[in-house]
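Every number in this text was worked out from the coordinates using simple rules, so none of it is lab data. All values reported here derive from a predicted model rather than from experimental measurement. As a convention, Cβ positions derive from the backbone with ideal geometry for all residues, glycine included, and neighbour counts pool all protein chains shown.
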Amino acid sequence: MKVSEALATRISCRAFLDTPVPEATVRAILDACRRAPSGGNLQPWFVHVVTGRTLKRLIERVQDRLAEYPRGEGAEFRVYPEHLDEVYRERRFQCGEDLYATLGIPREDKAARRRQFSRNYTLFGAPVGLFFCLDRQMGPPQWADLGIFLQSVMLLAREYGLHTCPQEAWALWPKTVGEVLRLPDNQMLFCGMALGYMDEDAPVNRLRTRRAPLEEFVTFHAD
């Protein structure tokens with residue numbers, strides 16, 4: 001598979017089959033991602049691969065706590081800026097509207113929307129959960145390095161016929177994830193990622209989020 005094909009076919013998959021992913025495949029993907037670049041070659045990422053009974057226990061623990069903490073425990077960082085400019089607010093709003101439209105959930109059905117959002121915490125049925133952490137001493141440049149690493153994982157997954165869903169929603173549960181996975185104190189949870197085989201028949205996987213045209217974000221300087 002060409003890199004361009006992997007990039008074009010990567011989506012945030014929100015419905016997976018329960019088909020197991022061989023551990024050897026997960027290892028191969030993460031081993032290849034060791035070549036992802038990072039400033040000063042710090043390689044500031046940590047990855048926790050969660051499957052089987054541990055994954056079941058994590059999902060059950062979060063589901064048990066959702067009733068008491070419907071908005072989670074609180075992320076250790078601000079996922080979105082507090083005051084987004086209009087163009088960014090509109091993109092975020094449109095993404096949500098397009099997502100719920102594929103599921104036939106109207107805007108006024110808040111309960112159904114909450115139920116759909118809570119499916120983040122089942123990893124949308126994926127058999128593998130990847131949880132990405134950073135050493136707490138790291139700053140914004142190393143957060144960018146982690147983003148490059150995440151993209152590498154998602155593109156390599158396509159090479160193996162797999163799909164992913166990067167989920168910063170998991171950042172809202174740092175205490176629970178930390179307890180179940182026994183995260184070291186120096187590691188800060190950044191996000192989770194679902195990994196598995198896509199359910200091709202699920203309507204939600206027909207969503208293709210809109211992208212701004214080149215002219216909106218690229219400036220060519222030649223003279």
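A few remarks follow.
- Counting only Cβ charges, +1 for Lys and Arg and -1 for Asp and Glu, the dipole size of the chain around its Cα centre is about 500 debye.
- Largest GNM mean-square fluctuation across N120, N205, N41, computed for the chain with C-alpha springs under 10 Å, falls on N41.
- Cα gyration tensor, the stretch 22-147 - rounded (a/c under 1.5), prolate or oblate: oblate
- The ranking of T209, T54, T176, T219 from fewest to most other beta carbons within 10 Å of each one's beta carbon is T219, T209, T54, T176.
- Residue among Q151, Q116, Q94 with the largest mean-square fluctuation in a Gaussian network model of the chain, springs linking Cα atoms under 10 Å: Q94
- Neighbour count of at most 10 Cβ within 10 Å plus DSSP loop: longest trypsin sites (Lys or Arg not before Pro)-free window in the chain: 108-181
- Between the stretch 166-200 and the stretch 40-107, the alpha-carbon centres lie 9 Å apart.
- For the chain, built as a Gaussian network whose Cα springs stay under 10 Å, the top-fluctuating residue of E90, E179, E76: E90
- Dipole of the chain computed with +1 at Lys/Arg Cβ and -1 at Asp/Glu Cβ about the Cα centre; of M154, W143, S4, farthest Cα towards the positive end is M154.
- Gain in span if fully extended, L17 to R53, counting 0.36 nm per residue against the direct Cα distance: 11.2 nm
- Using Cβ point charges alone (K and R +1, D and E -1), the dipole size of the stretch 112-222 about the Cα centre works out to roughly 460 debye.
- Modelled label reach - D135, point 7 Å along Cα→Cβ, the stretch 162-199 residues with backbone N closer than 19 Å: 183-191
- In terms of its C-alpha gyration tensor, the chain comes out rounded, because the ratio a/c of the largest to the smallest axis stays below 1.5.
- Rounded, prolate or oblate (a/c below 1.5 giving rounded, otherwise prolate when a/b exceeds b/c) for the stretch 1-85 by Cα gyration tensor: oblate
- FRET E, pair D98, R65, Förster distance 30 Å, beta-carbon r, rounded to 0.05: 0.50
- Added length on full extension, which subtracts the Cα-Cα distance from 0.36 nm per residue, W143 to E200: 17.3 nm
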